[in-house]
Amino acid sequence: MPNAHALERISDSLPLLPLKDVVIFPQMILPIFVSEDICLRAIDEALSKDRFIFLSAFQSDLAGDSLGCPELKVSTQAPFDVYDIGTVATILRTRKLPDGRTKILIQGISRASIISLRHVEPYPRVQLRLHLEQDSEKNNLSENLFKTMKEQLEKVVTIRKSISPDVLMLLEDVDCIGKFADLVASHFGLKIVEAQKVLGTFDPVVRLHKVQALIMRELEQIPPKNTKDESFKNHKEFYLREQMKSIKNELGEMDGKDELEDIREKIVQAQMSEEANTECIKQLKRLERMNQDSSEASLTRTYLECMVELPWQKYSVSSIGMTHCKKVLDTDHYGLDKIKDRILEYIAVKKLNPQLKGPILCFVGPPGVGKTSLGKSIAKALGRKFARISLGGVRDEAEIRGHRRTYVGALPGRVIQALKTAGVKNPVLMLDEMDKLGSDYKGDPASALLEVLDPEQNHNFSDHYVAVPFDLSQVIFLANANRLDTIPPALRDRLEIIEISGYTEEEKSEITRQFIIPKIVEQSGLSTDLVQFHDNAVSLVIHSYTRESGLRSLEKNIAMIARKLARYYAENDEKGKVRKPVKVTAKVAKELLGEERYLSEEHNIHKKHVGIAVGLAYTQVGGEILELEVKLFKGNGKLTLTGQLGDVMKESAQTAFSCIRGLASELKIDPQKFAEFDVHLHVPQGAIPKDGPSAGIGIAMSLISAFRNEPLRQDIAMTGEVSLNGRVMPIGGVREKLLAALRNNITTVCLPEKNKGSFAELPITIKRKINVCFVSNILEVAEICFGNISNIKQNNHEILEENSLLKSVLEEGVGDEVNAA
């Protein structure tokens, strides 16, 4: 039905636009091409007002049809031989064409009839009477008629290719009888006389019956099937297709049959497995029987193209040289000696036993320490292609296993897509951000990875899209993550975890000089001859502008300096000045980067405070120090915990409080105070969530300091889980925590006794800078924090010498080693 507001705005006098060979129905949208001047002036007049215009078709050969048909009456008022009944339309868009014509897009609004002619020049204008649509909703009778007409229309659509099948979809949402009849008539391709008869019928029910009569007439004209006619038709089509094939061959084009032959040759050349080859031949035979323009044929063709592009028998052939591999790893990464040794062991086993189904290495560490780049270096060292699958945010199992081909837009899983991109069957495949996998109602992608990463199963990996087994046993899988607790245990069991800790300041400085500065300077369009970074500038950026375990923030700050220098040189080049080398000192770096973000004296180690202990924490971005604050208030022994603490940390605080109460006499604390005072424990930076048990001894020391009213040294940091009986339990993240202490100028740290092994594996550069006191119970920690630290045995200078036993065994033989033993 026309919009009521639109009908109110229609004037009773509108410009006339006569049409050739077309009748416009209400609600119909159609482009019209106009070239006559009088018509163009009528369009300009409509555009200058309210964009409404009256459309009427030129008369056709009536041949007696006008007798008794008022809808076919030719207007005697208009200056053209147009029909008296037409359509008021609105002009949606106009566009002038290069050939001088104007293309307008119009939409029919309502039926109307001509009453009189207003004027002819400079454009025809007529007086109109609108015929509003008196339509009604479908009732039971019309509902049956609708259903019958749709079935009849479907038969006509299947035979007459000129009628679009989309009209059937449009009719589904039509409830008005008159609109239904107009929509069918506008898409039926009627002659002018027949279309004008439908347009001139104002009664919706009568109009619907007229449209049905037209459909019935079309069905009666369909000839019955004849076997001989069908045989002749098929023979004729075959002859015409052969002619078309010959023409396309001469033109150098390929038709559908040639394309299928090409796919058949590719299937043979792909050297697929027996199951895959059988499935592809089966699908190819189905494709040959299909109409090549159908949607199902397109899906089948896409599937076959995907299958022939997979690397069924393509391998990267390379020889493994241990010296070359070590050189590549040392060139691409500075430090990480323990990690490199493990990678070289992995490569050595691969060299000695190429068929070994080796473990899957998973690099775990904070962001920016080079986990992904290690995978690239391994691929480079082995001479294999490298592919990467980003698993961050993946929540659909089909992302791993692929979609079944019954779905629209089906694709293979990411594993098969990565192999297709790499082009070989034995690439190095990095599973990036494995700890950020999700799961929802669409399935659990982590569970789908179990088959991919299991060497006993992945030789017959089944992708839902490929639908045949694919061998993944030749793929070297690597993985990386920032944390382990979010990886499911079953998946973590298939991985060999290699922890990559943060870099020391010396390592950061060396990496910046060797790798970051040359890369950033080159990317900025400069050269190392023009821009030279001093060591004090690099140290300033590391100390005062970054607080991270990795290198990304450091790289961003170096890039900021390079960009500012690039702008300086670009502006001088425009002024014609000669480029002069710039030496980036600490002073220049501070001027370019602005105020320092991190002050080295933020934690004052020279003061003593009552009830404040320095703890150490391990986060995803490295180590941090925690100031654990305790205050006592008159009360009845209530314990309050604030600072957005997690459940584990709350339990650790309660355990430390109970431990202190149980050891009150040994710690020289008046037991009456526990009943007379309320305790409030707060960890600053309350907006940051905190959790874990490693702050236990720090909480215990702050409680002891508050109850004894004795200041606690701020140059001693501590970490360790405390038990109810006062035992100090081991913790993780030793390296990151010690680096955090050094960043804050704290050189004395209390570590659990059972963490001696973790400390022994640290680089010598860290051990020489820090004094570590290994403690086994809370009393030893209290003696260090409140007593004389020089009297406590320290184990920080126990530098482990390189074990030369393996080297001597390899050089002298097993017998010598046995004799020596």
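The values are calculated or read from the model by the stated rules, or taken from the named source; none is laboratory data. What you see is a predicted model; the values in this text were computed from it and never measured. Cβ sites come from the backbone with ideal geometry, for glycine too, and all protein chains shown count toward neighbours. We work out accessible area using only protein heavy atoms, side chains counted, and drop any ligands, DNA or RNA first. Shrake-Rupley method; radii C 1.70, N 1.55, O 1.52, S 1.80 Å.
Ser13 versus Lys210, label points 7 Å from Cα toward the beta carbon: distance in nm?
Placing both labels 7 Å beyond Cα along the Cβ direction yields 3.0 nm.
Would you kindly state how much longer the chain becomes between Phe58 and His534 on full extension, computed as 0.36 nm times their sequence separation minus their alpha carbon distance, in nm to one decimal?
Taking Phe58 through His534 to full extension adds about 162.6 nm, to one decimal.
Excluding same-chain residues fewer than 8 positions from Lys754, which lysines have a Cα within less than 23 Å of its Cα?
Cα-Cα hits under 23 Å: Lys338, Lys737, Lys767, Lys769, Lys793.
Given a Förster distance of 25 Å, report the FRET efficiency between Ser273 and Ala490 from their Cβ-Cβ distance, rounded to the nearest 0.05.
On the way: r = 29 Å, r/R0 = 1.14.
That gives a FRET efficiency of 0.30.
Provide the gained length on full extension for the span Lys754 to Arg567, in nm with one decimal, where the gain is 0.36 nm per separating residue minus the Cα-Cα distance.
Numbers: separation 187, 0.36 × 187 = 67.32 nm, distance 5.46 nm.
That pair, Lys754 and Arg567, stretches by 61.9 nm at full extension.
Determine which lysines satisfy two conditions relative to Lys103: a Cα distance under 20 Å, and not lying fewer than 8 residues away in the same chain.
Reachable lysines: Lys20, Lys49.
Can you give the FRET efficiency to the nearest 0.05 for Ala687 and Thr765, using r as the Cβ-Cβ distance and R₀ = 30 Å?
Details: r = 34 Å, r/R0 = 1.15.
Computed FRET efficiency for Ala687 and Thr765 comes out at 0.30.
Express in nm, to one decimal, how much length is gained between Val349 and Glu121 on full extension, taking 0.36 nm for each residue of separation and deducting their alpha carbon distance.
72.5 nm
Taking 19 Å as the cut-off for C-alpha to C-alpha distance, list the pairs among Lys371/Lys564; Lys326/Lys371; Lys282/Lys425 that go past it.
Values: Lys371/Lys564 30 Å; Lys326/Lys371 17 Å; Lys282/Lys425 24 Å.
Checking Cα-Cα distances, Lys371/Lys564; Lys282/Lys425 exceed 19 Å.
Enter the Cα centre distance for the pair segment 22-55 and segment 621-678, rounded to the nearest angstrom.
Cα centroid of segment 22-55 versus Cα centroid of segment 621-678: 85 Å apart.
Can you give me the distance in nm between label points at Glu499 and Arg483, each placed 7 Å from the Cα along the Cα-to-Cβ direction?
So the label points at Glu499 and Arg483 sit 1.5 nm apart.
If I model a spin label at Glu265 and Cys306 as a point 7 Å from the Cα along the Cα→Cβ vector, what separation in nanometres do I get?
2.5 nm
Can you sort Met729, Met649 by 1.4 Å-probe accessible area, starting with the largest?
Numbers: Met729 50, Met649 5 Å².
Result, largest first: Met729, Met649.
So if we plug the beta-carbon distance of Glu220 and Lys285 into 1/(1 + (r/R0)^6) with R0 = 35 Å, what FRET efficiency do we get, rounded to 0.05? Before the final figure, lay out the partial values.
Numbers: r = 40 Å, r/R0 = 1.13.
With a Förster radius of 35 Å, E is 0.30.
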